[in-house]
Amino acid sequence: MLILELLLLMSVLIKAEQPDCRLQGKAQLPEFIKDGALKIGGIFTFYTGYTGVIPSFTRLPPQPKCKEYVCFQCKFLSQEFKFACTMIFAIEEINKNPNILPNHTLGYEIFNACGFSNILQSALSLSNGQDVVTDELNCTKVDTVQAIIGHSGSTPTIGLMHAVVTFVFVFTQISHFATCACLSNRREFPSFLRTIPSDYYQSRALAQLVKHFGWTWVGALSNDNDYGKNGIATFIKAAQEEGVCIEYSQAFESTGSKTSLKNIVDTIRTSTSKVIMAFMSHREIKILVDELYRQNITGLQWIGSDAWITDDSLADSQGHTLLIGSIGFTVRNAQIHGLGPFLQEVNPSQFPKSMFLREFWESIFQCSLSPNALQRACNGSEHLKYVKHPFTDVSDLRYANNVYKAVYAIAHALHNLLSCKQQKGPFANATFFFDSKGDSPARYELVNLRKVTKGTMEVATIGYYDAIQPRGQQFTMNNVNIIWGGGLRTVPVSLCSESCPLGTRKAVQKGRPICCFDCIPCPPGEISNTTDASDCVKCPFGYWSNSRGDECIIKTVEFLSFTEIMGIVLMMLGLLGAFLTMFIFAVFFHYKDTPIVKANNSELSFLLLFSLTLCFLCSLTFIGRPTEWSCMLRHTAFGITFVLCISCVLGKTIVVLMAFKATLPGRNVMKWFGPLQQRISVVSFTLVQVLICVLWLTISPPSPYMNMSYNREKIILECRLGSAVSFWAVLSYIGLLAVLCFILAFLARKLPDNFNEAKFITFSMLIFCAVWIAFIPAYISTPGKFTVAVEIFAILASSYSLLSCIFIPKCYVILLRPGANTKKHLLGKVPH
């Protein structure tokens, strides 16, 4: 209110300092006037158009005519007339109130202006009077107004404010309907105030509305003027901040070419967005929906600005059904006590000089106030309370209340200025104020267009928006059902791309807005557990993505266990070999005094059977979950037992060779490789392997290792060799003994047929070497638990080959051919 007081004071001071002047041209006369000590001016548009005149530049152009009968598409704007009457009502109400401006009477001058030249002329007339000034000392008339209310449009208001600044006139203007955010610029419009919120807040509220209903792909239309361009630019910026994408943005003006309208309709037809934000006036939206109706373009959800969302004239358009279900913000509705009866009492006799009121009266009652007219005569005694007309309808006073508040704001400012008291000026049980930009508080109702009832659009309030509240609390919805565009019962969907489900990420399509994207499945090992995820998240150590890619699950730990089929089979083969070896041991022990047992060096045979039993049993250490002890045991036990086994076979081979040499005359070689020497050789060969294993366990022992590199979905639990050199040294030493044994046995293959120990050793070593030669590439190339299975198979195969080739033939003789178990038979002295 202090801002308004300063502006009023400034306008008075500046007018007092104007240079001498004389009125040029013909003054614009007010439509409604009342004298008073203080005056408030009003500029409203009572007609939808006017007749333009092409200037000749040779004579003074005639005055543009704002009359319905001279303009085919023009008609009365009853709402504008209601604004003017509301202004008169508020002034009369203040004059009756002894608490506001006592000893001062408020007057008014209200102009009807339907073109910019009319608006400017009206403003100049209000600022400087209508009479020709002859006083050379002072150009300022005492009956000029203290403030002006109007105009309803943003573009005319902007032009008017720029023009008066150019003409060095300064007056306070309060608009009830000019919402362009550009008017908040105090540098350009220092004396402009308004009782309607700036479109800056409406545009941001509309962006939040779009986001609230999940619409991320919308079209944008606007008027091709300051109101539309500024409003839609603010909306687009706010919408993009909310993550909403604009498919297209086009401007349209009712006075524009048909090509412009056709281009917009074609754009709407080919677009994929189902929601359209229309920052337009009621004139443009009616022209547009009529064309869409003619071309049968339906199923759209419209979002409207306050310029048309509650306009009753929408019902007059052919395509009004397309707008049913539209939603948009508008200023909050209000009730003005006493205004209804006041409007019903309006009569031409109150303002006999008003040509508009005469035409308005004749139009409503279909009569003529002029004598000798062709229509039915009327005298002004008719009463509006018997007529149902939008002018007398006070159910929707959203914008009339802004005029009412503007009058009271001026009155309170004048009252404070004259009484030198500072107060905010409460009225209508509320507090009204202007902010530093001259704007009023931004409070809106969210309305929904339902249907047409008796020529008017039915509007339901479904929510509220209050810009004063903290962010997050500004927008509230009522618990009411919403009628959607296209007759839908559920919220329409308007997306460029469907939401990306869990397990995928968004990838923006090249050259398109961020709302247009493809859903790319997360790569293995990464997940997204939210919709529309921008990136996939890598699973933590020890976890892997599931088949859907929306959850990290613990990796399967894989090792050769005792419970799986392969583990059971290998375990059974190992136990079978051990039991078979022990059985042979028992047979040999039972028949230890028989020639065939004695002839095969029973001591080395028993030691060989013992080592074979250990070989079979050591295979079991490879089955089961690897641990520190099992990893060290499996490799060292395997290496030592096999060296012990090969050492025994090597000893038996040497014994065979020595025995053959001893049969030659003059040879006594057995004394060099008797039982003592045999024991020493076995122990010596075995101690070398023991030493290698001790060094292995000391330097870098085998240990459990979780291998995640081979199979990303599994953790392969295996025994890391530790020192690979030690492992291959163990195998090399076994291989060296095996090759040496094979060579000696091969050399002894020519012994007599019945004494064929060397042949069996040769076969066993041949199989043994073949198994371990094949083991090396298989061991290197086989993954995971199959590596362990290959190693177990090699141990079992080589153990079975020794057992089968060396002991099974002898058991066959002992058990099934006992007659052949004689010394003569072994020496080949029994005839075949």
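A short reminder: the numbers here are calculations on the coordinates, not readings from a lab. Being a predicted model, the structure only gives us computed values, none of them experimental. Virtual Cβ from ideal backbone geometry, glycine too; neighbours counted across all protein chains shown.
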Practice problem: Please give the contour-minus-distance gain from residue 345 to residue 568: 0.36 nm per residue of separation, less the Cα-Cα distance, rounded to one decimal in nm. | Solution: 69.6 nm
Quiz item: Rg(Cα) of the range 504-554 divided by 2.2 N^0.38 Å?
Solution: 1.23
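I need the trypsin sites (Lys or Arg not before Pro) found in the range 585-650, filtered to DSSP loop residues with at most 13 other beta carbons within 10 Å of theirs.
On the way: sites: 592, 598, 634; in loops: 592.
When the trypsin sites (Lys or Arg not before Pro) of the range 585-650 are filtered for loop state and at most 13 Cβ neighbours within 10 Å, 592 remain.
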Quiz item: Along each of its three principal axes, how wide is the spread of alpha-carbon positions in the range 678-737, in whole angstrom units, largest first?
Solution: 53, 22, 16
Quiz item: How far, in nm, would the chain grow between residue 458 and residue 592 when pulled straight, counting 0.36 nm per residue and subtracting the alpha carbon separation?
Solution: 36.6 nm
Quiz item: Given the pairs 237/510; 39/82; 82/229; 353/405; 286/451, which are separated by over 24 angstrom at their Cα positions?
Solution: 82/229; 353/405
Quiz item: Count the lysine pairs in the range 565-826 that are 8 or more places apart or on different chains: how many have C-alpha atoms under 17 angstrom apart?
Solution: 20
Quiz item: Using a basic spin-label model with each label point 7 Å from the Cα along Cα→Cβ, how many nm lie between residue 272 and residue 318?
Solution: 3.2
Quiz item: Measuring from label point to label point, each 7 Å out along Cα→Cβ, what is the residue 781 to residue 386 span in nm?
Solution: 11.1
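Set the Förster distance to 56 Å, then compute FRET efficiency between residue 547 and residue 725 from the Cβ-Cβ distance, nearest 0.05.
Values: r = 43 Å, r/R0 = 0.76.
The formula returns an efficiency of 0.85 here.
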Exercise. Give me the number: length gained by fully extending residue 187 to residue 509, i.e. 0.36 nm times residue separation minus the C-alpha to C-alpha distance, one decimal in nm.
Key: 111.6 nm
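Exactly which trypsin sites (Lys or Arg not before Pro) in the range 74-114 are in a DSSP loop and have at most 15 other Cβ atoms within 10 Å? Intermediate results must be reported in sequence, preceding the final value.
Numbers: sites: 75, 82, 96; in loops: 75, 96.
Listed in order of number, the matching sites are 75, 96.
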Quiz prompt | Where Rh is the Kirkwood radius over Cα pairs, Rg/Rh for the range 470-583 | solution = 1.40
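Can you give the Kirkwood hydrodynamic radius of the range 565-826 from its Cα pairs, in Å with one decimal?
Details: mean 1/r = 0.0514 Å⁻¹.
Hydrodynamic radius (Kirkwood, Cα pairs) of the range 565-826 is 19.4 Å.
What FRET efficiency comes out for the pair residue 353/residue 418, r = Cβ-Cβ distance, R0 = 41 Å, nearest 0.05?
Numbers: r = 31 Å, r/R0 = 0.75.
Using R0 = 41 Å, I get an efficiency of 0.85.
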Exercise. Using DSSP to define loop residues, name the trypsin sites (Lys or Arg not before Pro) in the range 477-553 whose beta-carbon has at most 11 other beta-carbon atoms within 10 Å.
Key: 489, 510
